[in-house]
Amino acid sequence: MQTVELTEPGVFEHRERDRPDPAPGEILVRVTHVGICGSDIHYYEHGRIGDYVVEEPLILGHESAGEVAAVGDGVTEFEPGDEVTLEPGVPCGECARCRAGEYNLCPDVEFMATPPDHGAFAEYVAWDADFAYGLPESVSTRAGALCEPLSVAIHVARRADVELGDSVLVSGAGPIGMLVGEAARAAGAGSVLVSDVVETKLERAAEYGATATVNVAEESLTDTVDEFTDGEGVDVVIEASGAAQSVKSTVDAVRRGGTVVCVGLAAEDEIPIQTNEIVDKELDFKGSFRFRNTYDDAVSLLERGAVDVERIIDFEMPMSDLTAAFERATEPDVVKGMVRVGE
Ligand SMILES: NC(=O)c1ccc[n+]([C@@H]2O[C@H](COP(=O)([O-])OP(=O)(O)OC[C@H]3O[C@@H](n4cnc5c(N)ncnc54)[C@H](O)[C@@H]3O)[C@@H](O)[C@H]2O)c1
Ligand SMILES: C[C@@H](O)[C@H](N)C(=O)O
């Protein structure tokens, strides 16, 4: 089968590998669509993310969907021809965090496209059937692939305990921020204010349903939030940019007794923050890491039309042009690039 592998920063090589056989409990999936994630771009540009270093050729891509081509022994819930989306992390199932149900925090998780684990820019992937989810006819594999970033957003909305009528500030209008806005609205948020530093991203966020937007490179976030909430502060802040200035400003933007959830990953290891304000305002200040138990809900949101992931996709290109697709995905206006695998 054809694969595309990152051999060094900025270099993809098209290679032939043996098609995998599904082991007992696995399905073999003919991959049709893979979204390009910011972490794929980071590995492509830098060959590493923190301690995860690409030392051997690595197949990137973890936002994937396709068609079941074969099933391994013991798999009864799928049959060839079924369309599925793949949850990219398979946890150990045995550690304390897995036993507690927090499997997204498993230290031994095998996560697609995270060295040394390969991802989905390949014609076929053999994957644990327990981490595959059937797509109904009304949900395409192109949309189904984006159950992954939608899952990140659903988990954030849950961590934030978004309640009916809440005012929510989402910092960052990349794919994660866009989908967080959608997940917050689906959870009942009354208003969603979106901040960014790129005007075209804010225009996209407004088209996508943001109640209001603020360009924090040009306007004061505090003034905008005050105006938006009559000086109270928002109920929930979701930090989805990873920008240090944005992380710091969360504490000012949220109301007393409100909730801040950071999903963005900063370039810095440490960011000074007003800890006394966190205490004085009695904030719930949390992180959100990947997702757990979100895929069924992601598929359901797409099936019901409660979330439209198509609107964040800027382009679709074939896997045979993966370098061009990655170069295009780095353009500042682009929110999400999609790769078509196979015919
Ligand atoms: N915690 C997790 O599980 C998880 C999962 C996926 C992504 N992430 C992280 O979430 C963040 C968002 O992911 P993405 O793919 O949408 O990234 P992205 O880079 O596409 O989007 C970030 C957006 O933030 C904007 N931005 C920059 N400075 C800003 C500022 N000061 N205020 C407001 N917005 C600002 C950028 O213009 C951009 O539109 C990244 O840091 C990513 O690493 C975390
Ligand atoms: C969760 C996933 O989208 C993220 N890029 C990660 O590797 O953790």
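When the residues of the range 234-247 are narrowed to those that are assigned to a loop (DSSP other than H, G, I, E, B) and buried (at least 24 other Cβ atoms within 10 Å of the Cβ), which ends up farthest from ligand 2 (Cβ to nearest atom)?
The residue in question is S241.
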Self-check item: Of residues in the range 283-332 being touching a strand residue (DSSP E or B) at 6+ places or on another chain (Cβ under 7 Å) and of a type in the set (G, A, S), the one nearest to ligand 2 (Cβ to nearest atom)
Solution: S288
Exercise. Taking the residues in the range 248-281 that are farther than 19 Å from R158 by Cα, near ligand 1 (Cβ under 9 Å from one of its atoms) and surrounded by 15 or more Cβ atoms within 10 Å (Cβ to Cβ) as candidates, determine which candidate is nearest to the chain's Cα centre (by Cα).
Key: A266
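Collect the residues in the range 179-222 that are hydroxyl-bearing (S, T, Y) and buried (at least 21 other Cβ atoms within 10 Å of the Cβ), keeping them in residue-number order.
Within the range 179-222, S195, T213 qualify.
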Quiz item: What pairs come up if the first residue lies in the range 306-321 and is in contact (Cβ under 8 Å) with a residue 40 or more places away in the chain and among the aliphatic types (A, V, I, L, M), the second is assigned to a strand (DSSP E or B) and surrounded by 14 or more Cβ atoms within 10 Å (Cβ to Cβ), and their beta carbons are under 7 Å apart, counting only those six or more places apart or on different chains?
Solution: I312/K336; I313/K336; I313/M338; M319/V4; M319/V339; M319/R340
Quiz item: In the range 74-126, which residues are without any contact (Cβ under 8 Å) to a residue 12 or more places away in the chain and in contact with a Pro (Cβ under 6 Å, 6 or more places away or on another chain)?
Solution: C98
Quiz item: If you go through the range 223-230 one residue at a time, do you hit one that is aliphatic (A, V, I, L, M) and touching a Lys or Arg at 6+ places or on another chain (Cβ under 6 Å)?
Solution: no
Exercise. Collect the residues in the range 60-85 that are in a loop (DSSP other than H, G, I, E, B), within 16 Å of ligand 1 (Cβ to nearest atom) and closer than 14 Å to V29 by Cα, keeping them in residue-number order.
Key: H62
Quiz item: Which of the residues spanning the range 15-62 are in contact with an Asp or Glu (Cβ under 6 Å, 6 or more places away or on another chain), away from ligand 2 (no atom under 16 Å from the Cβ) and closer than 18 Å to Q2 by Cβ?
Solution: R15, R30, P57
Practice problem: Can you give me the ranges of the strands (runs of 3 or more DSSP E) entirely in the range 155-232 with at least 1 residues that are within 17 Å of the chain's Cα centre (by Cα)? | Solution: 167-171
Self-check item: Qualifying residues in the range 132-154 (those that are in a helix (DSSP H, G or I) and more than 14 Å from ligand 2 (Cβ to nearest atom)) - the one farthest from K248 (Cα to Cα)
Solution: T141
Quiz item: Of everything in the range 282-301 that's over 15 Å from the mean Cα position of the chain (by Cα) and touching a residue at least 24 places away in the same chain (Cβ under 8 Å), which residue is farthest from ligand 1 (Cβ to nearest atom)?
Solution: E282
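No lab work stands behind these numbers, since they all come straight from the coordinates. Everything numeric in this text was worked out from a predicted model, so none of it was measured. Positions of Cβ are backbone-derived with ideal geometry, glycine not excepted, and every protein chain shown enters the neighbour counts.
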